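The values are calculated or read from the model by the stated rules, or taken from the named source; none is laboratory data. In this text, all values refer to a predicted model and were calculated from it rather than measured experimentally. All Cβ positions, even for glycine, are placed from backbone atoms using ideal geometry, and neighbour counts span all protein chains on display. When the accessible area is computed, the model is the full protein with side chains, heavy atoms only, and any ligands, DNA or RNA have been set aside. Shrake-Rupley method; radii C 1.70, N 1.55, O 1.52, S 1.80 Å.
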Amino acid sequence: MYLGDLRFVSMEHLSFLTTRQKKILEKMGLTSIYEILTYFPFRYEDRMQISSIETSLISQKPVTTLVQVVAHESIFFQNRRHPKIIVQDDKMRASLLGFHRPYLTKHLRIGEKYWLYAQFVMKYNEIQTSTFEFEPYQQGVSPKSFGKIIPVYRLPSELHLKEFQSIVQKCLDHYLPQIEDEIPLYAITGHKLLSKREAYQEVHFPTDFSLLRKARLRIAYEEIFAIQIAVQLRRRALASYTKHTRYSDTHTAWSFMEHLPFSLTTDQKKVMGEIEQDLLSSQPMHRLLQGDVGSGKTVVAFFAMLVAATNHHQAALLVPTESLASQHYHTLAAIVQDKISVALLTSSTPAKERKEIVERLQTNALSLIVGTHSLLQPDVRFADLALVVYDEQHKFGVEQRLALSKKGNHPDLLVMTATPIPRTLSLTLYGDLDISILREKPKNRLPTKTYWIRAKEYSKMLDFVRKEIEKGRQAFFVYPVIEASEKLELKSLEHYHQQIQHKLAPYEVVWLHGRMSPEEKTLALERFRSHQAHVLVSTLVIEVGIDVPNASVMVIEAADRFGLSQLHQLRGRVGRGEYQGYCFLVTEDDISEEGAERMNILCQTDDGFAIAEADFKQRGPGDILGVRQSGLPELKVADLCDHRFLAMCMEDTRRIIAYDPHLALPKHQGIVEGILKFLPMDYLSSG
Ligand code: ADP
Ligand code: MG
């Protein structure tokens with residue numbers, strides 16, 4: 001049996017669980033033994049060293065100590081009597097305050113010795129603590145929760161830590177001996193890794209800190225190993241397809257590029273060349289295009305789509321938001337004029353028009369389509385879908401990606417992302433894709449000047465914005481919430497909009513947020529785009545892709561509430577045309593240290609790669625990259641910033657697949673049965 005098989009062993013098999021415990025675990029999302037065993041402690045308490053009350057006072061940290069109870073007293077608090085237990089270790093006395101724990105005197109008896117874990121403070125002229133754990137001391141008997149490292153799990157208040165520890169221990173005792181290792185033995189011995197069983201025992205109940213470190217390393221290894229095997233097998237599978245689509249002419253598509261209002265950068269031309277080669281090849285293209293915000297990815301996608309269309313095939317561009325879809329549609333329509341048919345499909349497309357589009361797609365009367373999730377609906381079928389492009393791909397889950405690709409016969413695939421990812425990392429996560437990078441920004445770009453604004457500079461900033469508007473520029477104001485929030489001390493977006501309108505009158509300020517109807521959104525955006533409105537106040541909806549080259553100012557309110565990559569994306573909305581861009585990060589005077597660090601990083605650099613690296617360090621890469629939506633196994637322990645470690649895992653799996661491409665050897669059975677079996681269906685076979 002492999003650990004993954006325990007996904008299918010439900011709690012019902014644990015006869016020792018009470019109904020109450022089962023309910024709590026279920027609420028925590030722990031519905032199988034697998035989930036319990038992979039619910040790792042988030043920290044550990046060091047109760048190895050026996051220390052003293054004095055040490056706790058000095059270090060202001062909890063300690064383990066051995067005490068004797070010397071007296072029972074009591075204190076009055078809120079009209080009630082609560083026990084106060086006086087203890088002493090070799091050096092000093094302290095009081096244990098048992099608020100609402102009247103039974104304590106029974107458990108802590110005068111004259112007896114106890115193990116105690118507590119942090120002591122000096123208060124009201126005595127040394128005291130009110131949160132403590134204890135266990136009777138018995139000579140010659142080793143204590144249960146002392147003298148060792150104690151795992152601490154994130155738990156709801158109804159579930160006591162000791163209860164959960166005991167559940168985990170029982171699961172380990174019962175199931176661990178049956179668990180086999182999915183990692184080949186030679187890799188384990190080669191890297192001196194712990195075995196699966198050792199690792200899971202030690203990560204929950206470490207013998208010492210060095211073994212704990214090894215346990216975590218081993219689990220990190222298997223996490224990356226699983227992803228790598230999946231990604232590389234997929235790469236092989238994809239390479240084995242022959243596509244049916246044939247291209248004879250790329251010249252016509254190139255000629256469209258000659259009529260753009262700008263000349264392409266060298267990087268754009270290079271990437272278009274790579275895509276051209278992919279399209280001409282007999283295997284489906286599988287390419288990831290990375291480029292910082294404003295690097296000009298869209299036109300590259302259009303080029304690929306034009307190659308498809310000029311060869312009488314169909315191409316679809318899937319984008320995460322309606323406003324972005326409409327923007328891309330208009331740009332594309334302007335490029336192709338009436339030489340190629342192109343349509344826009346979103347949830348606000350009127351039914352009659354939608355029906356017509358669907359029909360034209362089925363008969364190949366429509367070559368190019370730009371759309372949102374609406375494109376994924378089952379009745380949207382294509383006569384000859386040869387190319388699929390995803391913009392802002394991390395906004396889509398694997399299921400959605402598969403859904404569109406399946407509408408064609410192994411179509412060529414281009415995915416685009418504005419979150420630059422360090423190379424080792426992108427190889428780890430997207431190693432099944434070829435990677436192109438737009439490093440160079442279009443020539444006329446000046447880096448956006450970024451300032452951190454606090455209360456006393458605010459009105460000066462508004463004066464500046466007004467001057468920019470007078471010069472003919474436009475401004476974005478981004479606000480973190482729609483409804484007022486007492487907790488964050490923020491007024492509603494509506495209130496904020498009125499305030500800005502008032503301050504910038506007579507210029508027109510429109511507003512936009514995610515809960516508006518599609519018509520309202522389009523209207524607001526159109527007014528801004530057409531320069532009838534001078535300022536757009538909005539929530540984060542403008543994070544992705546909106547392109548208004550005339551806008552030169554981006555004001556971000558409560559900027560410390562946003563992550564680094566988000567802020568960088570927002571900043572990328574300005575400085576896209578020939579005008580100098582300005583970004584103002586507005587915060588309270590007093591913000592967290594991490595928040596301040598983010599502001600400083602943004603003021604210092606405009607380099608998306610540097611910012612992405614800093615973001616990984618602050619937040620961990622999980623949610624940035626959408627690892628969770630990728631369909632790949634989740635990472636709980638692995639540190640995606642550890643490039644050397646990633647490279648090592650990658651090299652191991654690469655060798656395995658090169659040597660045994662079908663994983664047919666007995667020593668690789670664990671990989672098949674313990675890893676591949678648990679990938680999402682279709683993962684290996686579909687694009
Ligand atoms: P992103 O990579 O963030 O998606 P876009 O494709 O939206 O960037 O491009 C940003 C802006 O730069 C658009 O207004 C686009 O027309 C313009 N642009 C793209 N390529 C060039 C170029 N080579 N020279 C000048 N402007 C360009
Ligand atoms: Mg874009």
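All other residues whose Cβ lies under 14 angstrom from that of Ala484 are scored, Lys and Arg at +1 and Asp and Glu at -1, for a net of -3. Potential lengthening of the chain between Asp379 and Thr242 amounts to 46.7 nm, from the contour at 0.36 nm per residue minus the alpha-carbon distance. Each label point was placed 7 Å from the Cα along the Cα-to-Cβ direction; for His160 and Arg527 their separation is 6.1 nm. Applying a threshold of 20 Å to the alpha-carbon distances of Lys22/Lys636; Lys243/Lys406; Lys113/Lys144; Lys269/Lys441; Lys123/Lys487 flags Lys22/Lys636; Lys123/Lys487 as lying beyond it. Summary of packing: across the peptides 32-41, 566-575, the per-residue average of other C-beta atoms within 10 Å ranks them, highest first, as 566-575, 32-41. Taking all protein chains as they are arranged and a probe of 1.4 Å, the heavy atoms of Trp254 leave approximately 60 Å² accessible to solvent. Kindly express, to the nearest 10 degrees and within the range 0 to 90, the angle between helix 161-175's C-alpha long axis and the longest C-alpha principal axis of the chain. Helix 161-175 sits at roughly 80 degrees to that axis. Beyond 23 Å in Cα-Cα separation lie the following of the pairs Lys106/Lys148; Lys148/Lys214; Lys170/Lys196; Lys407/Lys677: Lys106/Lys148; Lys407/Lys677. Here's how it looks for Val293: its modeled amide H is under 5 Å from none belonging to a residue 5 or more places away or on a different chain. Converting phi to 3J(HN,Hα) with the Karplus coefficients 6.51, -1.76 and 1.60 and the offset θ = phi - 60°, segment 236-245 yields 5, 4, 5, 5, 7, 7, 10, 8, 8, 5 Hz in sequence order, with x at every glycine or proline. Partner aspartates and glutamates whose Cα lies under 14 Å from the Cα of Lys456, excluding those fewer than 8 positions away in the same chain, are identified as Glu588, Asp589, Asp590. Could you tell me which of rounded, prolate or oblate describes segment 170-286, using a ≥ b ≥ c as the square roots of the eigenvalues of the alpha-carbon gyration tensor, with rounded for a/c under 1.5 and, failing that, prolate when a/b is larger than b/c and oblate otherwise? Prolate, since a/c reaches 1.5 and a/b exceeds b/c.
Relative to the longest principal axis of the Cα atoms of the chain, the long axis of helix 643-659 makes an angle of roughly 70 degrees.
Which shape class applies to segment 81-138: rounded if a/c is under 1.5, otherwise prolate when a/b exceeds b/c and oblate if not, where a ≥ b ≥ c are the square roots of the Cα gyration tensor eigenvalues? Oblate is the answer for segment 81-138, as a/c is 1.5 or above yet b/c matches or exceeds a/b. A protection proxy built from the mean count of other Cβ atoms within 10 Å ranks the segments 340-347, 279-286, 155-162, 205-212, most packed first, as 340-347, 279-286, 205-212, 155-162. Close amide-amide hydrogen proximity is noted between Leu490 and Ser485, each under 5 Å apart and 5 or more residues distant or on a separate chain (H modeled in the peptide plane; Pro and chain starts excluded). Solvent-accessible surface of the chain, taken per residue with a 1.4 Å probe and all protein chains present: 47 Å². Amide hydrogen proximity for Leu413: with H placed 1.01 Å from N in the peptide plane, the residues at 5 or more positions away or on another chain lying under 5 Å are Met285, His286, Arg287, Val388.
Across segment 250-261, rounded Karplus estimates of 3J(HN,Hα) from the backbone phi angles (6.51 cos²θ - 1.76 cosθ + 1.60, θ = phi - 60°) give 10, 4, 4, 4, 4, 5, 4, 5, 6, 9, 6, x Hz, Gly and Pro being marked x. Relative to the longest principal axis of the C-alpha atoms of the chain, give the angle of the C-alpha long axis of helix 297-310, reported between 0 and 90° and rounded to the nearest 10°. Once rounded, one gets 50 degrees. Residue separation of His495 and Arg7 scaled by 0.36 nm, minus their Cα-Cα distance, works out to 170.8 nm of gained length. The calculated 222 nm mean residue ellipticity attributable to helices in the chain amounts to -11500 deg cm²/dmol, summing -39500 (n - 2.57) over DSSP H runs of n ≥ 4 and dividing by all residues. Note on Thr252/Lys352: beta-carbon distance plugged into 1/(1 + (r/R0)^6) with R0 of 51 Å gives a FRET efficiency of 0.95. Here the label points at Phe16 and Phe76, each 7 Å from Cα along the C-beta direction, are separated by 4.6 nm in the simple model.
The stretch between Gln337 and Ser142, if pulled fully straight at 0.36 nm per residue, gains 62.0 nm over its current Cα-Cα span.
Only bridges with both residues in segment 449-619 count here: give the DSSP antiparallel percent, nearest 5.
Rounded to the nearest five, the antiparallel share is 5 percent.
Given the chain, what percent of its DSSP beta bridges are antiparallel, to the nearest 5?
Expressed as a percentage, antiparallel bridges in the chain total about 40.
Counting protein heavy atoms only, the chain has 51 percent of its accessible area on carbon and sulfur, 1.4 angstrom probe. What shape does segment 462-555 have by the C-alpha gyration tensor, where a ≥ b ≥ c are the square roots of the eigenvalues, rounded means a/c under 1.5, and otherwise prolate means a/b greater than b/c and oblate the rest? Oblate.
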